[in-house]
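This report concerns only the one structure given below.
Rule-based calculations on the coordinates, nothing more; no lab input. Since the model is a prediction, treat every value here as computed from it, not as a measurement. Neighbour counts run over all protein chains shown; Cβ positions are idealised from the backbone, glycine included.
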Amino acid sequence: MTKTKRFVAYLKRIPSDIKKLLREPFLLIGIILVNLFLFLFIVLPLFKIFQLSFEDKGQFSLAIFSELLSKKYNVQPLIHSLTLGIAVSILGTLIGFIFAYAITRVDIPWKRFFNIMATFPIIAPPFMMSLSAILLFGKQGFVSKLILRDIIQFKIYGFYGLLVVETLTYFSTAYLTLYGVLQAIDPALEDAALDLGASKGKVFRSITLPLATPAIASAILLVFSQSLADFGNPMILAGNYTILATQAYLTIVGMFNMKGGAALAILLLIPSLIAFCLQKYWVSRKSYVTVTGKPSAARIKMDRPLTKYSIFGLCLLLTGIIFLFYGMILFGSFVKLWGANHTLTMDNYKHVFTVGWEFIKDTLLLSSVATPIAGILAMIIAFLVVRKSFPGKRLMELVSLLTFAVPGTVVGIGYILAFNQPPLVLTGTAAIIILVFIFRDIAVGVQTGIAELQQIDPSIEEASTDLGADSSITFRRITLPMITPAFYSGLAFTFVKCMTAISAVIFVVSGRWNLITIAILGSVENSDLSQAAAFSIVIIVFILLALWLIQFLVNQIGRGRKLKFEKAEALQSI
Amino acid sequence: MKQSKVIVSLWLLVIFVFVGPSIGKAADVLHMYTALDPNEAKVYIEAFMKDTKINVEWVRMSAGEVLTRLKAESKNPQVSVWYGGPSAEFIAGRKEGLLIPYKSPVGAPFLKGNLKDSEDYWTGFYFGAIGFGNNTNFFEKNKLAYPTSWQDLLKPEFKANISIAYPYTSGTSFTTLATLVQLMGEDKAFDYWKKLDSNIHHYNTSGSACVTQAGLGEIAIGIAFSHDILAKGTSKGYPIKGTFPSEGTGFEIGALALVKGGPEPELGKKFIDWSLSKRAQDLMQVWFRIPLNPQAEVAAGATKASDVKLINYDDEWAGNNNKRLIEKWRQIIGK
């Protein structure tokens, strides 16, 4: 079908879609509400930014961009960000795939342990990996000073430092996406290929890999966008390798130039949108419905010693590196004065629980309000996108994933521009922080939900509808239970993101409502490394507690429901 | 399903109890943004709360951020006081129409000349000079002399060993830039910085961060305010020694001001009065800031105006030329 024909078909479908919607008022109201929220809290703030950067004396103008692109200090960050984003997304997805493949398909020991280690970096508070990089490889670093005795001087400020810390932070996103999908791919297909005489390598190349392709594309997209929008690490480690996200922040914050910062952010949006469209076009041409609803137990294992041990060794090495980074933060948080006085002390924690207590309390409260709302909303959006047909669906999907591509700083500024004047005055309230939390990271939940739903054959839901259930009942009773794993990871992701949010919320925190990450930023800006380390450890501990609590609560609700895809294991174990 | 309903209603209850009351704002609370170090700000603000029984809710941001934030919120100001940051930033804020004047009776006897705004839009409360924080280990190990002039910083042995903040994010660094321009003249100052740039390891966002970085040995020399060099370097136990340029150096008058349209102007005035009192100014010894109230105690070892050679630093000119100088700096240095 040519594009125009497809478009005509789409137009023809609209009246029947609308008719179908009118028959289901619940669905209709749901769609309207979701779209209203998305419009108010994602589109409107962005629109304000666009308005600010394109409007010149009441007229549409591109002057800001020609001005931006004519300056070396704006063009360079663009090139840097793209280079870094591509490098991190490829390396991160590769590492994520190695872990996911090893755990789902290869006969290696310690799978549970590797699973924990591969998911752990997800909860890294902002700045943490960079902080650790300084503690390890800085001039007074543990590795460079104590182990290598200054023989090798690491250049941690710049591209290579950022590549390492961002890869170590974001490969987990790739891992979680790939793990869920590799786990869900029906092994019967692989078994069949083996029975027909294909080698294990051939099975991998012609069955496993193609089936995982949509997930790999998603993973690359997610990691690429995360790297582009990363703010915490470049803040510390970029050195002279200027990065677009921080540059936009610095332009807004330092130069009082909201217009220029907004325009830089729009430059940042373009590559993310291109990546997004590429992925959609590519993914949509592959059919990947492999789950039939019946659980399958048998799974082929790669058990050739060479493959097995080389993959095991690789996992071990990567895990060791992650261990080193986290261990260093833990150690650093007990050190009196890094680099000068290495006696151990509890002072940093005393500080955290006295000076920082208000921050901790607010963060926990606001996060626990935002998490369930975001989790449910994300699942509803994913359901609507994959299963329902209505005018404007693609746009809705695009909008819900858009937040991921916009640097947080700009979201923050957008919120201030949009919600500091009637009709919606929200600045200074808890509501605005909660809203940033919900809409800032909804893309992750939506993306996981979509990936999961696309794996499930719609005939199960069709059966429910055929038996007389309407959309809302089908969603609650059939779809939601089937995508529980995605819902879990949505919840967990959101909570983690709330606890570790910095770039957007920094603009909407107020004296009344404050956040731990802001306290860390204060410590880091003042180079109080040990204090920042202690705050980071406290965030990690609270995240672990909360994840355990989420898991416990959901188990209670589900009366100990056994998870079909075992994906939640990933979250259970963190 | 029953259980899930119980959990959902419990959750709603918790939200209602905790979030509900705070949607509206309490009446007798003073809201402020501060650019002081959070650990330091906490000391002063808690003393104020103890002395006056007025509650304070505050957020710490760098001075540039405060300015941006106030601009963005100008239609619905969230705070009454902007507490801390070099006067040049406040002059820029006044130009944007973000401040309202207040002449404190407490400060009137000693706040003269450049220690406050000519029309009282901002009020000075401490003094600090720009200097160099040097890592003593580096200098001993390499048998080098400490830098005692701006020209010394250009020596090849300091290549990639000096750090400072971006002039557009940090009051410290902008003060340095304005100092150099006033000292050497504009063209020569930018020529100088171009040469200095090849000795700069990296730029920070926060002005005082380079002191700790020098303490850690990441760099050898950090360019920062004297009180930060002492408070964050020497007094914490880092091997840091402060020196000052012989050609003369710039300084800041740290200021505070009332925000235009702020919700609690009367409480804000009380805070400004309190900040200038001997009691409050004495507290600044913990951070080695030089108090402006002549009756207040000065911390032992703190760098007073008489200890260093100061240029006749014109903060009014610096504040008015802020945008232009920064834009030029970015064009020439390319960062």
Are there DSSP H segments in chain B that both extend 20 Å or more along their axis (alpha-carbon positions) and score a mean Kyte-Doolittle hydropathy of at least 0.5? List them, or say none. B:2-23
Check region B:105-191 and count each lysine pair with an alpha-carbon distance under 28 angstrom, considering only pairs eight or more places apart or from different chains. 6
How much length, in nm to one decimal, is gained on full extension between residue A:240 and residue A:424, taken as 0.36 nm per residue of separation minus their Cα-Cα distance? 62.2 nm
HN-Hα J in Hz across region A:104-117 - Karplus 6.51, -1.76, 1.60, θ = phi - 60°, x for Gly and Pro: 8, 10, 10, 7, 10, x, 6, 4, 4, 4, 5, 4, 4, 5
Amide proton proximity set for residue B:126, modelled H, under 5 Å, gap of 5+: B:254
Projected onto the charge dipole of chain A (unit charges on the beta-carbon of Lys, Arg, Asp and Glu, signs +1, +1, -1, -1), the Cα from A:478, A:144, A:51 with the largest positive-side position is that of A:478
Over the Cα atoms of region A:147-236, Rg to Rh with Kirkwood Rh, two decimal places? 1.20
Output ordering of A:230-237, A:33-40 (per-residue mean of other Cβ within 10 Å, highest first) is A:230-237, A:33-40
Alpha carbon centroid spacing (whole Å) that separates region B:263-334 from region A:208-248: 41
Normalise the Cα radius of gyration of region A:65-340 by 2.2 N^0.38 Å (N = residues in it) and let me know the number. 1.15
Pairs of Cα atoms under 8 Å, at least six residues apart: use those to get the relative contact order of chain B, whole percent. 25
For peptide A:523-532, how many partner chain Cβ atoms fall within 10 Å of a residue's Cβ, on average? 6
Please give the length that would be gained between residue A:153 and residue A:323 if that part of the chain were fully extended, namely 0.36 nm times their separation in residues minus their C-alpha to C-alpha distance (nm, one decimal). 59.0 nm
At 7 Å along the Cα-to-beta-carbon direction for both residue A:79 and residue A:59, put a label point, then send me their distance in nm to one decimal. 3.4
For region A:65-340, calculate the relative contact order in percent as a whole number, restricting contacts to Cα pairs under 8 Å that are 6 or more residues apart. 31
Calculated FRET efficiency, residue B:119 and residue B:187, Cβ-Cβ r, R0 35 Å, to nearest 0.05? 0.55
Sort A:115-125, B:170-180 for me by packing, meaning the mean count of neighbouring Cβ atoms within 10 Å per residue, highest on top. B:170-180, A:115-125
3J(HN,Hα) from dihedral phi, region A:201-209, Karplus parametrisation 6.51/-1.76/1.60, rounded to Hz, x for glycine, proline: x, 5, 4, 4, 6, 9, 10, 4, 4
For the protein assembly as shown, go through all pairs of different Cα atoms, get the mean of 1/r, take its inverse, and jot down that Kirkwood value in Å. 29.0
Nitroxide proxy distance, nm - points 7 Å out along Cα→Cβ at residue A:393 and residue B:49: 5.4
Count the net charge of all other residues whose Cβ sits under 14 Å from the Cβ of residue B:220, scoring Lys and Arg as +1 and Asp and Glu as -1. +2
Environment charge at residue B:245 (Cβ cut-off 12 Å; Lys +1, Arg +1, Asp -1, Glu -1): -1
Taking 0.36 nm per intervening residue step and subtracting the Cα-Cα distance, what contour gain separates residue B:71 from residue B:286 on full extension? 74.2 nm
Under DSSP loop assignment and at most 10 Cβ neighbours within 10 Å, longest trypsin sites (Lys or Arg not before Pro)-free interval of chain A: A:286-558
Label-point separation (nm) for residue A:209 and residue A:19, each offset 7 Å from Cα along Cα-to-Cβ? 4.7
Under 27 Å from the Cα of residue A:308 - lysines, other chains or at least 8 residues apart: A:111, A:200, A:202, A:564, A:567
Quick one: what are the phi-derived ³J(HN,Hα) couplings along region A:80-85, Karplus 6.51/-1.76/1.60 with θ = phi - 60°, whole Hz, x for glycine and proline? 4, 4, 5, 4, 4, x
Loop-only check: which GluC sites (Glu not before Pro) in region B:49-127 are DSSP coil with at most 14 other Cβ within 10 angstrom? B:96, B:119
Working note, region A:37-187: Cα radius of gyration (Å, one decimal) and Dmax (Å, whole number) are 21.5, 66
Rounded to the nearest 0.05, FRET efficiency between residue A:314 and residue A:192 (Cβ-Cβ, R0 35 Å) equals 0.75
What three numbers, in Å, describe the spread of the alpha carbons of chain B along their principal axes, ordered from the longest? 73, 59, 40
Over chain A, what is the mean sequence separation of C-alpha contacts under 8 Å (at least six apart), divided by residue count, expressed as relative contact order in percent? 22
Among the aspartates and glutamates, which fall within straight-line cross-link reach of residue B:103, defined as a Cα-Cα distance under 17 Å, with same-chain neighbours fewer than 8 residues apart omitted? B:117, B:119, B:120, B:264, B:266, B:273
Take every DSSP beta bridge whose two residues both sit in the protein assembly as shown, then give the antiparallel share in percent to the nearest 5. 60
